[in-house]
Amino acid sequence: MKIELIISIVCALVAAFKWVYEYTEKLKWDKNKFLVEQIEKFQSLESTKAMETLLDWNGSNVTINGEKLFVNDETLIGAFQTHDVKHKFNSIEFKLRNVFDDYFDNFTKLVFMSKVGLVEKESLVIFSEYWINILSGESKNKPRELVESIQYYLEYYEYYDLLNFIISK
């Protein structure tokens with residue numbers, strides 16, 4: 001009788017551990033599926049397309065509100081100036097700043113999702129690593145002055161969660 005009881009308990013424990021493991025794996029799958037959906041939304045935004053083109057190239061045409069503009073790193077450095085440094089922005093810089101804010105606001109939403117556990121931080125890092133490397137200066141394709149301007153912009157306009165995510169990845 002004792003052996004049957006022990007076998008029953010062991011089988012129940014194995015079944016319980018198996019269920020916990022499968023449930024945990026399903027949660028990871030669901031989180032990653034949710035992250036993919038959020039990334040697809042993020043990638044479909046005009047601001048994301050424009051910003052990632054600007055980050056990827058040292059000079060490129062981008063479309064902002066239906067208008068095609070040529071923007072290079074020098075123009076970006078001017079547009080990333082904060083209000084404590086620069087008080088007037090030309091029309092191109094104004095349009096670019098709207099792109100920056102929309103991109104950073106939406107990127108910050110993804111970071112918040114990782115902070116509250118809706119998505120796995122590691123998965124978000126994998127998705128965004130290329131862009132994080134550019135924004136952090138780890139990738140050497142952007143001038144140091146531009147990287148510092150971007151980071152100061154994020155700090156000045158209180159994108160602290162995004163800045164910490166970029167720096168600490």
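Here are some notes:
- Converting phi to 3J(HN,Hα) with the Karplus coefficients 6.51, -1.76 and 1.60 and the offset θ = phi - 60°, region 15-32 yields 5, 5, 5, 4, 5, 4, 4, 5, 5, 4, 5, 5, 4, 4, 4, 5, 5, 5 Hz in sequence order, with x at every glycine or proline.
- Mean residue ellipticity (222 nm) of the chain, computed from DSSP H runs ≥ 4 via -39,500 (n - 2.57), nearest 500: -25000 deg cm²/dmol
- Unsatisfied cross-links (Cα-Cα over 21 Å) in the set 41/142; 86/109; 31/121; 49/88; 31/169: 41/142; 86/109; 49/88
- Ordering of 82-91, 107-116, 146-155 by burial proxy (mean other Cβ atoms within 10 Å per residue, highest first): 146-155, 107-116, 82-91
- In this rough spin-label picture, where each label sits 7 Å from Cα along the Cβ direction, the residue 155-residue 69 distance is 2.6 nm.
- All other residues whose Cβ lies under 12 angstrom from that of residue 74 are scored, Lys and Arg at +1 and Asp and Glu at -1, for a net of -2.
- Shape of region 28-168, Cα gyration tensor, a/c cut at 1.5: prolate
- Crossing angle, helix 46-56 versus the chain [Cα axis fit, 0-90 degrees, rounded to tens]: 80
Throughout, read-outs are computed from the coordinates displayed, never taken from laboratory work. Remember, predicted model here, so these are calculated numbers, not experimental data. Note that we place each Cβ from the backbone using ideal geometry, even for glycine, and neighbour counts take in every protein chain shown.
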